[in-house]
């Protein structure tokens, strides 16, 4: 008797067939600059176009080790006071960038009808743990002060990110819970986040190869980032989530990180946090920036943003 194979969407199966047949070295087998270039090139093949947007503007944010580049996306030239999403990109703390996540951030700015600010934090291995988390916290605190560079008054924050960026969203929110910024975090939206250094999960074993995020890639990211075990920034799952804002957590059913993401949802529930969990069934890790190659991802993103709007409306109604 054999186990039933997992459900894979038809467009996901076609993408994985293409991806797994691509010849040549993988990004974890080449120098880090080449790995980043390969990741950037993948955007042009797999992701949707950036599309029209009223504002795409670069920012420079003061950080603990110098200026932190960032980019503002907005569907409107001018806005009254309101919330802002702060987005922390994925890529294992090693290979992501403003460029690789620009299509996603632009789409969220359109769908959510709020400004999105993407943070280009320092990357490992040049700047290992905890440099990325330090940059993200500093950048988010700066945004909360409504600096003139934003051209709008910020009344609240939405922290979001995927994978490594999902970790950064959570730990930034924890830092601002414990030492509040100028305005509160209204909602957090981690997407298939990294919440523990523990690799002993069924999904880690089931999807270790052939589903985009492989065990070799995870080992490469882990070695480069060099996270400290027992630190809340590397293992937020093991720390209290009491007092965290309402949370929308997205996982993917074919993702090695699926089970730890679900465990984080349960942790939030146990600690009394309002949480909504959305699972992208039949989809893989990293899907938010593969919209062109996997067309069904568009509905995943639209569903996430609809749920996020509902959470924000709940927060506004109780303010």
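Below are the figures for this structure:
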| item | result |
| --- | --- |
| Breaking point among (1) farther than 23 Å from residue 156 by Cβ; (2) touching a residue at least 60 places away in the same chain (Cβ under 8 Å); (3) surrounded by 17 or more Cβ atoms within 10 Å (Cβ to Cβ), for residue 279 | (2) |
| Segment 18-38, residues that are loosely packed, with under 12 Cβ neighbours inside 10 Å and closer than 16 Å to residue 91 by Cβ | 31, 33 |
| Failed condition for residue 234, given (1) touching a helix residue (DSSP H, G or I) at 6+ places or on another chain (Cβ under 7 Å); (2) touching a residue at least 40 places away in the same chain (Cβ under 8 Å); (3) assigned to a loop (DSSP other than H, G, I, E, B) | (1) |
| Qualifying residues in segment 146-162 (those that are touching a helix residue (DSSP H, G or I) at 6+ places or on another chain (Cβ under 9 Å) and not in a helix (DSSP H, G or I)) - the one surrounded by the fewest Cβ atoms within 10 Å (Cβ to Cβ) | 156 |
| Residue list for segment 41-56, restricted to those being assigned to a helix (DSSP H, G or I) and loosely packed, with under 14 Cβ neighbours inside 10 Å | 41, 44, 45 |
| Condition met for residue 24 (out of contact with any strand residue (DSSP E or B) (no Cβ under 6 Å at 6 or more places or on another chain), in a strand (DSSP E or B) and either touching a residue at least 60 places away in the same chain (Cβ under 8 Å) or under 17 Å from residue 217 (Cα atoms) (or both)) | no |
| Hits in segment 264-283 (condition: part of a loop (DSSP other than H, G, I, E, B) and either under 21 Å from residue 234 (Cβ atoms) or in contact with a strand residue (DSSP E or B) (Cβ under 6 Å, 6 or more places away or on another chain) (or both)) | 271, 273, 283 |
| The lone exception for residue 242 - which of (1) surrounded by fewer than 17 Cβ atoms within 10 Å (Cβ to Cβ); (2) touching a residue at least 60 places away in the same chain (Cβ under 8 Å); (3) in a loop (DSSP other than H, G, I, E, B) it fails | (2) |
| Matching residues in segment 86-111 - criterion: being in contact (Cβ under 8 Å) with a residue 60 or more places away in the chain, surrounded by fewer than 22 Cβ atoms within 10 Å (Cβ to Cβ) and within 22 Å of residue 156 (Cβ to Cβ) | 111 |
| Qualifying residue in segment 169-180 (condition: surrounded by fewer than 19 Cβ atoms within 10 Å (Cβ to Cβ) and part of a loop (DSSP other than H, G, I, E, B)) | yes |
| Residue among 316, 306 that alone is assigned to a helix (DSSP H, G or I) and more than 18 Å from the chain's Cα centre (by Cα) | 316 |
| Matching residues, segment 134-145, being touching a residue at least 40 places away in the same chain (Cβ under 8 Å) and either surrounded by 23 or more Cβ atoms within 10 Å (Cβ to Cβ) or under 20 Å from residue 58 (Cβ atoms) (or both) | 135, 136, 138, 139, 140, 141, 142, 143 |
| Failed item in (1) under 13 Å from residue 164 (Cβ atoms); (2) within 15 Å of the chain's Cα centre (by Cα), with residue 128 passing the rest | (2) |
| Residues satisfying the stated conditions in segment 57-107, i.e. more than 18 Å from residue 143 (Cα to Cα) and not in a loop (DSSP other than H, G, I, E, B) | 102, 103, 104, 106, 107 |
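Each value in this text was obtained by applying a stated rule to the coordinates, not by laboratory testing. Keep in mind the model is a prediction, meaning the values are calculated, not measured. Cβ coordinates were reconstructed from backbone atoms using ideal geometry, including for glycine residues, and neighbour counts include every protein chain displayed.
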